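Everything on this sheet refers to the single structure shown next.
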Amino acid sequence: GAIDSTYIIRAITVAPSDNNTIYISKLGGIWVSYNAGQTWERIINGGIITSIAVSPTNPRKFWFTNSGYLDSQKVFVMDGNILTNISGSLPNIPVNSIVYQNNSPDRIYIGTDVGVFYRDNRLNDWQLFQNGLPNVVISELDIHYASKKIRAATYGRGLWENDLVECNSPLPVILLAKKDICRGDSVKLEVPAIYKAYNWSTGATANYIWVSTDGSYSVTVTDSTDCTYSAEPVDIVVHDIPNINVKVTGNTTFCAGDSVTLQGNPNLTFTSWDWSNGRTERTVVIKEAGSYTVTGTTRYGCKNTSTPIDVVVNPAPAIPTITRDGNILMSSEAKKYQWFRNDTIIVLATHQYYEAKKDGKYSVKVFNEFDCSAVSEPIDVILGIDDLENIDLVLIRPNPAQGTVNITINNENFALASLEISNIQGEKIFGIDNIEINGKYNRTIDIHKFSAGVYFVKINLGNNIIIRKLIKE
């Protein structure tokens, strides 16, 4: 394509690394030719383009300046197809010239209506570069590499020169453990101790500082050749430490075998929980006595520990035993008692002794001074029948007895029977099943090894249950 001939050409620049790439500027934009001027392509539209500088190694990367008084529309870089505004904090004045310094970290100088500025890829913004140059309009800049000078043509004040900036070392990097800290904590910011001087934004002059407040912190260092470098600022955020508490579900004083539930709060504030007993869940079930705390940690590492929760576990009483004497049941000693028949509470049966009035399985729950309880094993109680109608059905001779005892069962009709002997605790000592009786049955039983005391002989005869007391001397 052809170049619009409406306006005069203001700048022509040939790419140092490719003579076929040529850039020109004029009012309305920038054109480029990649074939030594045979054809042209418009790549920047608009603006009052005053000067162009092309990278010495990349023919498709160039910087250009803009005249006029559009704020923040002063200097741009085009890298391939990506256009970036690098005007930064430049004053709102015309920019008239731009040059690139070879063998530098993309350092460029610009001449403006108030003097010279420079920046490179180590810097976040433009630096004023006067060094004795008066506050004057700069119309043209050029670099004389043999003398390592940059020369500036001024409007009405002659030609000036100054040493090139030769500070090409990498920018220092502020090292720190973390950017988010907790209220009351501090973090160390430091740069390598290889420079001659340090100037932190806080006024400190060592190679490190400790900070404990919110803010943006930066440092400028000076090396042995008096070059200065500014590190990228770091932003420190201070987080308040949230409150923490423990929700208690249940009583903190309970009996052995019971528990209380403790839960750390609030839930969404903390990301991890550490209990004093080593557990790491938010909610824990406590069964042992002790003083319990939980430490919550936020996603920023801020920690807070709850006030202690004291848990008291009272001992349970020993499992009670029941002693039986006929129809009288006696519990082992305790503070309080409650009797049960067939697992159903017996109203008003709250003493150590209880007289059984019905057949069934009897048990007792006892309580100690802490109101903790324990339940006995059940005892099977079958009440005796002592009427004359069946007094001769079962005969025990002798009674009391010492060595042997003879048990006689009388029954006119055929029947199956069982016989068992138990102590007064209800424990079975002797038993015979499936006895065939047709008239009379005799059995002699050796009781030499029985302990002296009261025993009960229980006969299951058809549908009848007969209980007789046996005394061993």
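See the values below:
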{"quantity": "Total charge dipole magnitude, segment 78-165, about the Cα centre, Cβ charges on Lys, Arg, Asp, Glu only, Debye to nearest 20", "calculated": "180 debye"}
{"quantity": "Table column - 3J(HN,Hα) (Hz), segment 14-28, Karplus curve with 6.51, -1.76, 1.60, x for Gly and Pro", "calculated": "9, 5, x, 9, 7, 5, 7, 9, 10, 10, 10, 10, 7, 4, x"}
{"quantity": "Unsatisfied cross-links (Cα-Cα over 23 Å) in the set Lys365/Lys458; Lys287/Lys361; Lys358/Lys472; Lys358/Lys469", "calculated": "Lys365/Lys458; Lys287/Lys361; Lys358/Lys472"}
{"quantity": "Under Karplus coefficients 6.51, -1.76 and 1.60, residue-wise ³J(HN,Hα) of segment 444-450 in Hz, glycine/proline x", "calculated": "9, 10, 7, 10, 3, 7, 5"}
{"quantity": "Overall form of segment 78-151 per C-alpha gyration tensor (a/c, 1.5; a/b vs b/c)", "calculated": "oblate"}
{"quantity": "Net charge of neighbours whose Cβ lies under 13 Å from the Cβ of Ile346, counting Lys and Arg as +1 and Asp and Glu as -1", "calculated": "+3"}
{"quantity": "DSSP bridge orientation in the chain - percent antiparallel, rounded to nearest 5", "calculated": "95 percent"}
{"quantity": "Segment 22-67 shape via C-alpha gyration tensor axes, a/c threshold 1.5", "calculated": "oblate"}
{"quantity": "Inter-probe distance in nm under a simple model that places probes 7 Å from Cα toward Cβ, at Asn81 and Asn45", "calculated": "1.6 nm"}
{"quantity": "Relative contact order (%) - criterion: Cα under 8 Å, at least six apart; region: the chain", "calculated": "6 percent"}
{"quantity": "Shape of segment 111-170, Cα gyration tensor, a/c cut at 1.5", "calculated": "oblate"}
{"quantity": "The chain - charge dipole about Cα centre, Lys and Arg +1 at Cβ, Asp and Glu -1, debye rounded to 20", "calculated": "420 debye"}
{"quantity": "Within straight-line cross-link reach of Lys178, lysines at Cα separation under 27 Å, skipping those fewer than 8 residues along the same chain", "calculated": "Lys188, Lys196, Lys303"}
{"quantity": "Of (i) 21, 59, 20, 0; (ii) 16, 23, 15, 12, 10, 13, 10, 1; (iii) 21, 36, 24, 16, 3, 0, the label for P(r) over Cα pairs in 20 Å bins from 0, in percent derived from the coordinates", "calculated": "(ii)"}
{"quantity": "Stokes-Einstein D for segment 127-260, Kirkwood Rh over Cα pairs, 4 °C, 1.567 mPa s (µm²/s)", "calculated": "65 µm²/s"}
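Values in this text are rule-based calculations from the coordinates and carry no lab data. Given the structure is predicted, the values throughout are model-derived calculations rather than measurements. Neighbour counts are summed over all protein chains in view; Cβ atoms, including those assigned to glycine, are modelled from backbone coordinates with ideal geometry.
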